[in-house]
Every structure is written in C-alpha cells, then in structure tokens.
C-alpha cells in the first residue's frame, strides 16, 4: 500500500512538472519580445505603426480593462498608441485579447491543450486567418487572459512597479513578438496575494494626501477605489489574485462604496484578515455596534458567548453584501478578539466549535448554497493555533492557513501521515509586523535565502491552496513581495540555484541590464546584512541572567569591546552604502528616482543608522570613562540623525516631484523610551506629533566636561575597564599564530583638555607596537602585533609600558606560540580560547538513508546555512542520520562547550520538539531538543521566543570532555527542519558577542 507521504510526494512532483511550467520552456518575459523583425515574428510595433488591440466589450471587465493597460504600455515604450477596438478590423495584423469561450476567440485555430479547463492558465499564440496574423492573448479564464497580457507588457519592458516606484521604460522603436506558443502554466498556489496592514503612519499619511478629495472630486479621500486600483493592478502584474485590505481604522466596504465593485472589475479575489470573519472588517463593528445602539439588537460587545445573535446578524450582512454585489471572495471563518487579540470569552474548544458551526449555518442560509462550495479559510494566527494543537478541526472544505511566527519562521506544517483535506492548506507570512519583541515596519528586512527556504518547505509539504503575505504599507517591501508571488506561481521554476539569477532579473526589470548585476549584488548583500537584526532593534540587548531573560533598551546588541564586532558590522554597512552611491552616480538620470525608492534609500538610511548607533553607544561607553572624545561622538550621533531626516525628506518631497510625500514617516530610532512613550515603548513604535528632533534619539547621548590640563587614561582591546581606574592588571586577549585577528590595540586617551605626549613600548623586540609615540589630543590608538618568525615557543608574558601626562600603565600581552606536531595541523585550530566554524566549512558531509545536508548560501547571520534535504524526510535516530564533520585541533584539556548557532525555527512537525545531536570522535551523540532546551514557544510569544526572533538565532549547547590534539566534531541530523549556521567550541576563552567570534584559522 502506498503511504500518504509517498502519495503526497508523487502529487507534488507531478505538480512541479506541470504547474507553472511554460509550454515553450522556461524563457523569461524578456525573451518574448525582440527589437528585430523577421518573417515569423509578429510586428507589435513596426515602422511607426502599432498593431491594433481588439477586445470584446462582452468579455470580463478585467479583460476589457487590461487591454487598455496594454495599449498604454505600448505607448510608454514606443511613443505610439495602438488603436483599441471591440471588433476585428477588415484587414491587417492585430492583437486579439479574449478569454476562451468568448466570441472573438472561439472561431480561431488555437491549440488549447493544457490550457482549457485549467485555473488561471494563459496562452499566447500567433495564428493566421487568411492573409493576416493575429497575436492572440487568451486564457482558460479571465485572470489567465489578464496574466498573459501583462506577460507581454513585461516582455516589452514595463516593470510591475512602474507606478509604485516610478520605474521608467527603455524606449524602443520596434517590438516584434516571438511566434512560439507560450503559456505561463497553471499556478501552484490557487489564491496568492497580499495583506495591506500596519498602514500607519506611512501609508495612512500618504494616501489621504495623494488620493484626497481634490485628486478625485466626488469621491472620499484616502483608501478609496482609486487607491485600490493602483494596488490591484500591481498585484495582477505580479500574477497575484488575492487581497486582504487595510484594517486599522479602515473599512474597505465603507471607506468607498466603489471598493468592492473595483475589485470585481479588476478580477481580484477579496478576503479579510485573520481577525475579520465573514467578509467584514472589525472596523465596521467598531463604527456601528456600540452599547445601547447596536443595530443588530445586541449589547455592542464583540463576544460570541454573550452577544451571539447580534454577531451572527452582523456576519449575515457581510455575506449578503458579497452575494448582492457579486464579487469573488474567500470567506474567513473562526473568530478572534477585537483589536487583533485573543477572544474575551476564553479559548475553550466548545466555544470555537460553536462559532465555526454558526458561520456555516449563516453561509448556507444567506447564500442558499452548500457551504462546501464557498471558498473559506481559517487562519491559525497566534493563540488560534492552540485550537489546532488541541485537536479542533474545522469542516473539511475549509482551508487551514498556517502562519509564520511574525518573523519569517513557519509555525506548523501539515501532518503528512493524515489524508489530504478537501480545503487544503494555506500560508500567512510576514514582511512587516507590529508586536513583540518589537515592531518592524520601516524598510525591507527580508533575506531572500530565508524566504526561499521557508517557502520551499511549505510547498514541499503541500501548502498550496492559499498564500498571503503581510506587506505592511506595500511600498518598501517590493522585492520580497515579488519573490513571494513568483514562488507561489511556480516553485519548480525557482530552485535554490536560481536565486542569484532571479535577483539579477529583478534588478534588470527595474533598472536595465547594464547595471543589473551590480544592483543585484547590493540588494543581496543588503538582505543578508539586514537579516542579522531588525534596524528597530539596534538599541536593545537581550541577556540571559541565571534563569531570567533581561532586556536592556539602552544598549547595543553588538559588542563594543569583543572581536571588534560593532566596528566590523558598521564598516560592512558603510561599504555597502558607498557601493550603492557609486551605482546611483552612474545610472541614467531617468532611473534615479526609482533607484532611490527601491535601493538607495533603504541601503543608505540603514547604513546611516548603524553609524548613528555606533557613534551613540561608543559615546556612552567613552563618557563613562571620561574620554574627551565622547563629545565628538555625541556630535557625530546628532549629525547622523540629521542625515536620517534628510534622507526621509528627500524621499517625501524631492523624489518623483514629491509624489510620495508622507511615506517616510515611520519612527525607527526612539524605541524603548518608557519615560516619554509609556509602558509599550520597548516594543511599540514611538508616536511623534511633530518633526523629529535630536532628543528623539534613545538612549540619549552624553556630554562630559573634560578636566583642566592633561590626564591620561588607558584602555585595551577586549576590556570594558580603563586604567589606572581599575585595580586589575590590564591583560590583552591572548595572541596566537592561529588567530584570525592578528592585531590588538591599546588606547591612550585624554580625560582633560590639554594635549600631551605619549610613548607605548613593548618589552620584547618581536612584539611590534605602531605607533610607539605620539601626541594625544583626544586619543591615540596603537596596534600590537607579534612577529611570529622571532617569537619564542611556549607561552610568554610581555609587558607593554604606556607613559604620558605623568602617568604610567603597564599592559600585559600573553603570547601563546605552541609546538604543533605535523599530524595536528589539520582543520580548524584553537586560538584565544575557542574554535569558531561556519557550518558550510565542514571537512565532510555524509548522507544517510536518502537524506543529505544542503548548503543554502547566506542563510546564516555570518555565512551559509545547512539543512537536511529533502525537507520532507523522516526524523532520524541519533547517530544514524546524515552528519557534518569538522576537523579541529585543540590545545586545551578538559571540558569544552559546543555552541550551535541555529536558525530560529519552531517545532513545525507532529513529532515533539526540534532535535539535533553532537558528538566528538567515536563518542555517543548527545541529543538536544531545541524547543525544550530554550523554552521558546511561538504560540505563547514568550520571552525566549522574543529573544530568539529578535536575535535571529537559536543558541543551544552541549558539553564534552576532551584531551589536547586532533578531534572530529560530528553534527547529526535528527529532525529535518533544523538549520545550522555556525558552530563554536568554547575551550574557556569565549567572550560575549552577538554574532559569535570570527571564524578560526583553518589549516
């Protein structure tokens, strides 16, 4: 008998081979159109003449409308406007747009194999009728026709983002279409779309200005049908079909009575979010159902237990509106509390069962149809997932939507041992979020590698009925939104190997081919760096103190003293900003607005924010030591704050002639100021009613009053202390020929206002100090290096004497130059009390039981991630599954701790926990259950979960007793959803840092 898992894998293989595959191959839209003519190519525009566009007025309104879009797109590219008519001209070539079954299309000799009867499947084909040729853009249904038409628009050079990001088109005199039969195929995911959410302050500020009453006389301003037209068109150009509308203070059906009609006219499927059942947003209830005046005869309370009849009547009106207005919708069922919270009535299974049953009764009564015929979803968001975990199942025809944890990590996958659901499964994913541990709404922070890995996993587990992404304000999340919808259309067209190609195509689509590779590399690096930590969290450190997790909103998460961490990450961002600026200087002027909107702003503004935080926290550190340099860093912090405002002002008032005024109003620097913004300040955005001033920086910088005269202080690499204030002996981190950070430093700084002379002299000629002398106005930094050709074997302690302003401080350098047998010189070498290894740099990767480890580039915070494939593999017995091996040499005897840096995944499988195992040499593996060990619970959104998602890493440890010499560390797969990024072996010298120490030297 075939197992459910084998059957599911077969069906998914079949879907991968058929769904979304082009009939003529996998050619991009750009290959569809050429600037060169030929006997076989169709002349869309040739010799200053455009072929007329023909569409029947009786076709679906969305098809009629998209024909006008194609007309406008051809004119954008060539300057020539095609004629748009409703009947075929008497002679001559023409473009014919029509859905299969429409009168204009049915009489043609079309090969509709693989198209007719499918869902949203397009067909582009050149046919001859007598002496003329017709370029036929058709589809199995109206959206299939729409997608085929927009495919041609993209082929002639019109970006889906032409309006939302002012992407220009490259002028072309001639447009000739390939005669090859072409189809985009059938989408893998049936309903694919976006959720406009968290739309304040940016979208909520901009939309009323741009789409105000003056822009559309006679229509309400703001989120009106003119606004939604721009959203719907872009969604369709991206091959999406589904939208959850804005919710915070918005009521889609009431804000403009034309909104639902507009969705119908465009061919968009409407839904509502996880907290808005039965086609009614919660804002409608808030506006009308109030105590004492509930129009449904109830108490005005959003409680099914205490106000059921009024709520059912309210739901019935929502379904009646869908029937009366005849728009296409997917009905959300279930119920959550008012304001995106849990129910006020408790979370009993019986209560939710009664809610689901009542909704089915309302659907049947109002529509007169079997509810199983009406598309429905139940989104298991936050606390709702507990109902599923407790065994509650909705009717089989309801699509069960599993969410991520708001931070890009899936919470649940379908149990492969169960039979398929008639309603299938869906996915709700976040590119934008309001909530714990902190809002992230400012700029795109999605790493493409992580997005691919999670979407691939969802697809492989059969989640294919509905995918929706929370895109926040829509603008600023363009890249992940497009990738999300591309992947939903056809996962098999986007294997891991094509990620870099997709990035180049995205850049070329928006900026032309000349700079596409350079821009794609900037965007890729941006996503990789941004994924380390949300920019809103750059002033929050999360520590573990005993058994408690403690938040510090006045501290940088990056170490100020260990491994030069804050310097390194800030420098990476600075260099990326420079690369983006260099591209901006050389791209054609026509592209500069789009480049600023899609690339330069988010890169430069984030790089600037890192420089601001670097200066700010170094200021606070130096001020505590009395360094005169602290005041300069306070000024630098405020200068970077001014740069932040200037970049936002350029976005709001200069770019595209001020078209986007109000879009860059999202706070991102003042989080955590409880005194100013109240108890929610650690996670909720600071609300500002005025133009930001430097005192919005939190924590605030400090200025000091330097002492009269000269006063020397000394600080050293790797220490927060300074001398002579501290009574401890200043000891530099240990030097080793195997360390990857060859130089260390000694700072001689001035605590006064008068400069002084300083000397820094080492007690051995092979310990090199540069500079050895200098004038200290505010600070002199000297680097200390070892000349290993002259250094003695063994461990040597060398004094470094720092003198100036009447003071002398002696720093000790510990130099460890071990004798290493040749047989030990393999793999990673211990130095500075640790061995640090990127997961991808294994010495061996050994498959087992049909499962292997696969490298996913840049999935980790400092390198690639490794994950078992196939992702649907069964869990393995510890010590019997695939493993990664890492050869190393240790010089320290005794207990060591192996820290595994893992991607912050939840326990998505029906098996309990999330496990891996570690062993050394031939010892038995130690099994770690990540969920049990960390206590992170995505459904409770508890503090361990907050720490894991905020830091974007899960840290767990095993302990082992080892002798000096060569060893092999083995990392074993147990559960298939573990992703390992980095392994660090602490032999006693590991120092606290955010990213972990730099990778060790590998022999």
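Bear in mind that the values in this text are calculations on the coordinates, not laboratory data. Everything numeric here is computed off the predicted structure, so don't read it as measured data. All Cβ positions, glycine included, derive from the backbone under ideal geometry; neighbour counts span all protein chains shown.
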Worksheet item: Quick one: helix 629-649 against the long Cα principal axis of the chain, what's the angle to the nearest 10°, folded into 0 to 90?
Response: 10 degrees
Worksheet item: Taking the Cα atoms only, what angle lies between the long axis of helix 349-367 and the longest principal axis of the chain, rounded to 10 degrees?
Response: 30 degrees
Worksheet entry | Förster-model FRET efficiency, 22 Å R0, residue 365 and residue 396, C-beta, rounded to 0.05 | 0.60
Worksheet item: Counting only DSSP beta bridges with both residues in the chain, what percent are antiparallel, rounded to the nearest 5?
Response: 75 percent
Worksheet item: For the range 140-160, list residues with backbone N below 16 Å from a point placed 7 Å from the Cα of residue 108 toward its Cβ?
Response: 140-153
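Order the peptides 829-837, 733-741 from the highest to the lowest mean number of other Cβ atoms within 10 Å of their residues.
Details: 829-837: 25.1, 733-741: 20.0.
Packing order, densest peptide first, comes out as 829-837, 733-741.
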Worksheet item: What's the extension gain from residue 68 to residue 957 if we count 0.36 nm per residue and subtract their Cα-Cα distance?
Response: 313.9 nm
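Ranked highest first by average number of other Cβ atoms within 10 Å, how do 491-498, 159-166 line up?
Sorting 491-498, 159-166 by mean packing, highest first, produces 159-166, 491-498.
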Worksheet item: Which peptide among 545-551, 910-916 comes first, and what is the full order, when sorted by highest mean count of other Cβ atoms within 10 Å?
Response: 910-916, 545-551
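With a ≥ b ≥ c taken as the square roots of the eigenvalues of the C-alpha gyration tensor of the range 281-400, please select rounded if a/c is under 1.5 and otherwise prolate if a/b is larger than b/c or oblate if it is not?
Details: a/c = 1.74, a/b = 1.04, b/c = 1.67.
Here the range 281-400 falls in the oblate category.
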Worksheet entry | Virtual paramagnetic centre 7 Å along Cα→Cβ of residue 1003, amide N under 11 Å, in the range 807-827 | 818-827
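Where a ≥ b ≥ c are the square roots of the eigenvalues of the C-alpha gyration tensor, would you call the range 174-251 rounded, which needs a/c under 1.5, or, failing that, prolate if a/b is larger than b/c, or oblate? Don't jump to the answer; show the numbers that get you there.
Numbers: a/c = 3.40, a/b = 1.78, b/c = 1.91.
Verdict is oblate for the range 174-251.
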Item to complete: Apply 1/(1 + (r/R0)^6) to the Cβ-Cβ distance of residue 590 and residue 645, taking R0 = 45 Å, and write down the FRET efficiency to the nearest 0.05.
Response: 0.95
Item to complete: Kindly state, to the nearest 0.05, the FRET efficiency for residue 885 paired with residue 740, given R0 = 30 Å and r defined as their beta-carbon distance.
Response: 0.90
Worksheet item: Which entry in [x] 98, 67, 63; [y] 124, 80, 69; [z] 110, 67, 54 is this structure's computed Cα extents along the principal axes in Å?
Response: [x]
Worksheet item: Between residue 781 and residue 342, what is the spin-label point distance in nm, taking each point 7 Å from the Cα along the Cα→C-beta axis?
Response: 4.9 nm
Discussion item. How much length would be gained if the chain were fully extended between residue 703 and residue 328, taking 0.36 nm per residue of separation minus their Cα-Cα distance, in nm to one decimal?
Written reply: 128.8 nm
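Could you tell me which of rounded, prolate or oblate describes the range 380-538, using a ≥ b ≥ c as the square roots of the eigenvalues of the alpha-carbon gyration tensor, with rounded for a/c under 1.5 and, failing that, prolate when a/b is larger than b/c and oblate otherwise? Working shown, then result.
Values: a/c = 2.59, a/b = 1.55, b/c = 1.66.
Oblate.
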Discussion item. What distance in nm separates the two pseudo spin-label positions at residue 795 and residue 814, each 7 Å out from Cα along the beta-carbon direction?
Written reply: 0.6 nm
Worksheet item: Tell me, how many Å apart are the Cα centres for the range 741-820 and for the range 583-661?
Response: 36 Å
Worksheet item: PRE reach from residue 500 (point 7 Å along Cα→Cβ): which of the range 979-1003 fall under 20 Å by backbone N?
Response: none
Item to complete: Give the relative contact order (percent, whole number) for the chain; include only Cα pairs under 8 Å separated by 6+ residues.
Response: 9 percent
